[in-house]
Number of protein chains: 2
Amino acid sequence: MSDPKRMIVVGGVAAGMSAASQAKRRKKDLEVIVFERGPWVSYGACGMPYNIQDPQRPIEDLVVISAESFRKERGIDVRIHHAVKAVDVNKRSVTVSGKNGEETHAYDRLVMATGCRPVHPPFSGMEKDGVFLLHTLVQAEKIKTYLKDRPIRRAVVLGGGHIGLEMADVLTERGLSVTVIKRSEDVPSGYPKEISKLVRSELERHGVEFRAGARVLGFVGDGRVEAVHTDAGDLPADLVLVATGVTPEVGLARDAGIRIGESGAIAVDDRMRTSAPGVFAAGDCADAYHILLRRGVFIPRGTTANKQGRIAGANAVGADERFRGVMGTSVTKVFDLAVGHTGLMDSEAAGAGFDPVAVVISARTRAHAYPGSRDICVRLVFERRTGRILGAQMAGGEGVAKRLDVLVAALHAGWTVEDLASLDLSYAPPFAPVWDPILVCANVARKKVSG
Amino acid sequence: MSDPKRMIVVGGVAAGMSAASQAKRRKKDLEVIVFERGPWVSYGACGMPYNIQDPQRPIEDLVVISAESFRKERGIDVRIHHAVKAVDVNKRSVTVSGKNGEETHAYDRLVMATGCRPVHPPFSGMEKDGVFLLHTLVQAEKIKTYLKDRPIRRAVVLGGGHIGLEMADVLTERGLSVTVIKRSEDVPSGYPKEISKLVRSELERHGVEFRAGARVLGFVGDGRVEAVHTDAGDLPADLVLVATGVTPEVGLARDAGIRIGESGAIAVDDRMRTSAPGVFAAGDCADAYHILLRRGVFIPRGTTANKQGRIAGANAVGADERFRGVMGTSVTKVFDLAVGHTGLMDSEAAGAGFDPVAVVISARTRAHAYPGSRDICVRLVFERRTGRILGAQMAGGEGVAKRLDVLVAALHAGWTVEDLASLDLSYAPPFAPVWDPILVCANVARKKVSG
């Protein structure tokens, strides 16, 4: 490969700015141009619900490094309000629409970091005032302004995924009466019943109404939304959040003839290379290799975007870094409960050809006589014959996220429940019982291994 | 091996009661007798400082299962106030001193769970009122009574290990003015300077005076302690806690001709068998195999005692369970700071023949714009050429214990810093930054690997 002179990055959020920074850090004389269609780059999208929670905080708080700082301090040519319209992988150029109209720029290396976008369900009335998606900082700001300008009392959240749950929490904290509508009872979507039950009772305990089964037909109101129209009747609503899922933003790549993977995201190898020479992809728009499933998946995460972006940027300037893959790890705060999982759910495991079995335990988070202990539920999915761990789900009042990370490590290591039970985990009364809930669950699981 | 009819357990705290319960659960017709010289069995010794903190809580709160419950519900013959005086491994019998005088009891299986005892330093005046050790529930109760009965204002803690630090915290919370005396500046003992500094400033922030370098000569006072006499002058004290270390309680075993390991604790194999047929040892009195050092060590921990006790009990009745070993994991609360480590410190690693190098980072515990974030310091020790992780030390305001556990897993797996950096750890703004402090440290460490 010839020595690259110019790298172009399409998209300036997590993956894009990580790639730009990494490439520029490694090769000082590289010209790096980032085209971002929105007004902000490098913001923490996962923090949007919590910013909305606090009326006093400006939305810009979520920007980690401004476009200006990237230009001045890192020498990266960040161009906001610039939308890339086309990529020509043969001519190695992109066509961009910005304040000066359309321009074409040549590249030696290209990083696609176009992210994902919310699924826009075909409900009638999506255009009404007060019906929102929450995906970009622009949308977050619109919600915040809407909450500020009007007397809003009732919100309806469509979807019981992470954004839906976080927003149910946040809107309740802002004093709204909230209803969550979802087709099925599992919450977060896909979670087993033992965990879903805890999440539903946490919602209930905080006054959130959870409605499973109702089918949304559209939104009612004269210009401004007044109700959600469902097959089980109308639900009054001053604000509606549609959070029914996301899909990778791959239009540009597809139009350019870059290969799309089975997951629907841009196909990449473990060096973050796409099918087109000199073109890398990273973040939500790109495949993430799932270590257990042994194939590319679409599981959008800020963590993955940062890791992949950094690797794409490094490899674009000649490094040989490898992305090892994901475990599908996820964690969400729902009021005073943390709920999360890593690895495979039972059905995913079965679908991948494993013979899974699961155990679930309830325990306390601190030593038996130490004050402030909370409940925690740990569920392990493992292979019946070998005891190999396939996944874990947890919900509890404290220590869930980092206990999940121990399971993440166990999955990366390919351990059995027997291996897990042997770990010399930390212990002191304020932080854990002498048998950590993880070990309690592993010990129960050991007895179920049939091999 | 013939079918065992009677198992005797010497010592009724964590390891002893775990062994008794496990053996009885697996073999219902086994006669299990536990001799405990004190008045309580099955108590959470690690919780003693926190019980002392709360004047309203009875000391019995720390008892997990009473002697009575063991007898009635589990069919285990627990005899408190019974001190085993001798073991005859040829005759397979123990001589016990109890309320009926001396008795001799035959055994088929014996579990030594005699624990450890505090080092009794040769200070003059150790017998004075107000000078305490904290090792048993009896001693904890004495401290509690002493605090209740008298106007106590000044406490001096000798030793900067875990018990010393926890008690400095607890006595301060009870309104005392506390001084910690230690020979060297490292705190907890053996910790690197970056962590020690944080601990010392946390002590300071809460009004605890930390005095390094003074040599204690004895205790001054007329019957009751009034001051600690040191080579740097006298320190007024109404209460003195001597917490200068512990040593395994192996007198009985040694007298019986059972082999003692190089660590000073009873030598055991990975099945918890001692050198004498039919005799097992578990808990603080027994060797714990250190996975990295590949030899038996004396690192007393409640977690290890529970694991080893369970294995000893199972194997005593014919199972073949294996104790995999320890990593030396430890964590302590010092006011609002958690401090802990796992694996090897630099000097231990060098002593074991590794060529260690360390990196240290400071980070925040939550996403950059999420409220309530705390500082955390992560330090990794790893092999210079290969990047293999050898140990970790952490101190911080939240999430330390369970982040340490991720490192515990990494050590068990034998990972490099490169492996660690690739983990798909959980992320949501309330629980971690998008680059978890562990990953930040691993990324810094990667650059230092020379191989």
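Just a few scattered comments:
- Aspartates and glutamates whose Cα lies under 18 Å from that of A:Lys27, excluding same-chain neighbours fewer than 8 positions away: A:Asp3, A:Glu73, A:Asp77, A:Asp108, A:Asp320, A:Glu321
- Centroid-to-centroid, using Cα positions, the stretch A:19-35 and the stretch B:96-146 are 67 Å apart.
- When only alpha carbons are used to place a centre, the stretch B:172-248 and the stretch B:303-333 end up 33 Å from one another.
- Sum of -39500 (n - 2.57) over DSSP H runs of 4+, divided by residues of chain A (222 nm, nearest 500): -8000 deg cm²/dmol
- Normalised by 2.2 N^0.38 Å, where N counts its residues, the alpha-carbon radius of gyration of the protein assembly as shown equals 1.05.
- Among the trypsin sites (Lys or Arg not before Pro) within the stretch A:248-327, those in coil by DSSP and having at most 12 neighbouring Cβ atoms inside 10 Å are A:Arg294.
- Paramagnetic label reach from A:Arg322 (point 7 Å along Cα→Cβ; backbone nitrogen cut-off under 13 Å): within the stretch B:397-440, residues B:418-419, B:422.
- Percent of Cα pairs exceeding the 18 Å cut-off, where the set is the stretch A:336-446: 44 percent
- The stretch B:167-310: relative contact order as a whole-number percent, Cα under 8 Å and 6+ apart: 12 percent
- Considering only B:Val444, B:Leu420, B:Ala410, the residue lying farthest towards the positive end of the dipole of the stretch B:383-446 is B:Val444, judged by Cα position with unit charges set on Cβ.
- Per-selection Kirkwood Rh - the stretch B:398-451 (Cα, Å, 1 d.p.): 11.7 Å
- Calculated on C-alpha atoms, the gyration radius of the stretch A:193-321 divided by its Kirkwood radius gives an Rg/Rh of 1.15.
- In nanometers and ordered shortest first, the copy-to-copy spacing of the A:Gly372 label point, defined 7 Å from Cα toward Cβ, is 1.2.
- Under the simplified labelling scheme, the B:Gln56-A:Thr104 pair shows an inter-label distance of 7.9 nm, with each label point 7 Å from Cα along Cα→Cβ.
- The modelled label-to-label distance between B:Gln139 and A:Lys148, using points 7 Å beyond Cα along the C-beta direction, is 6.1 nm.
- Summing Cβ point charges (Lys, Arg +1; Asp, Glu -1) relative to the Cα centre of the stretch A:336-446 gives a dipole of roughly 160 debye.
- Loop sites in the stretch A:365-451: GluC sites (Glu not before Pro), DSSP, at most 14 other Cβ within 10 Å: none
- Projecting the Cα atoms of A:Ala367, A:Gly391, A:Phe354 onto the charge dipole of the stretch A:327-451 (Cβ charges, centred on the Cα centre) puts A:Ala367 farthest toward the positive pole.
- A label point on A:Ala86, set 7 Å along the Cα-to-Cβ line, lies at 10.0 nm from each of its counterparts in the other copies, closest listed first.
- Distances between copies at A:Gly190, taken between label points 7 Å from Cα along the C-beta direction, are 4.3 nm in increasing order.
- Each Lys and Arg adds +1 at its Cβ and each Asp and Glu adds -1 at its Cβ; summed about the Cα centre, the protein assembly as shown shows a dipole of about 1040 debye.
- In a reduced charge model with +1 at each Lys and Arg Cβ and -1 at each Asp and Glu Cβ, the stretch A:120-244 shows a dipole moment near 60 debye about its Cα centre.
- Square roots of five times the Cα gyration tensor eigenvalues for the stretch B:120-244, Å: 22, 16, 13
- With a 10 Å cut-off around each Cβ of B:300-309, the average count of Cβ atoms from other chains is 4.
- Cα-based Rg / Dmax (Å) for chain B: 23.3, 70
- Projecting the Cα atoms of B:Val246, B:Phe123, B:Pro429 onto the charge dipole of chain B, computed from C-beta unit charges around the Cα centre, puts B:Pro429 farthest toward the positive end.
Read-outs throughout are calculated quantities, based only on the coordinates presented, and are distinct from any laboratory measurement. Since we're looking at a predicted model, the values are computed, not measured. Quick reminder, even Gly has a Cβ in these numbers, built from the backbone with ideal geometry, and neighbours come from all protein chains shown.
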